[in-house]
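So the structure is just underneath, and the comments pick up after that.
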Amino acid sequence: MASASARGNQDKDAHFPPPSKQSLLFCPKSKLHIHRAEISKIMRECQEESFWKRALPFSLVSMLVTQGLVYQGYLAANSRFGSLPKVARTASLPVRNAK
């Protein structure tokens, strides 16, 4: 087993120049090939998770707080639309910032 893992490390290191020819700024991790499709998939999953676990709950809580402040009289309601403009504006802020 140990020889298989050592051989795997040698296969990985075959891509890199020998230490005598490496510059001081050589970074082996930057030389690894990363698929762009995989990176875009990870970014998409991260944005989706951010929306569902952070932006949406924060948006709902801020809407409830704004509605409560309008109901209590701390914020003035619009004469024509009531509290809807303030609540809608408050709801859109966390979602917009998450993207």
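Provide the per-residue ³J(HN,Hα) series for the stretch 69-83, in order, calculated from phi with Karplus coefficients 6.51, -1.76, 1.60 and θ = phi - 60°, each as a whole number of Hz, with x at glycine and proline positions.
3J(HN,Hα) across the stretch 69-83, in whole Hz: 5, 5, 5, 6, x, 6, 10, 7, 7, 5, 5, 9, 9, x, 8.
Would you work out the charge dipole size for the stretch 35-99 about its Cα centre, treating the Cβ of every Lys and Arg as +1 and the Cβ of every Asp and Glu as -1, and quote it to the nearest 20 debye?
That gives the stretch 35-99 a dipole magnitude of about 200 debye.
Only the coordinates and a few stated rules stand behind these numbers; no lab work does. Worth saying up front: this structure is predicted, and the values here are computed from it rather than measured. Counting neighbours? That spans all protein chains shown, and the Cβs are built from the backbone with ideal geometry, glycine included.
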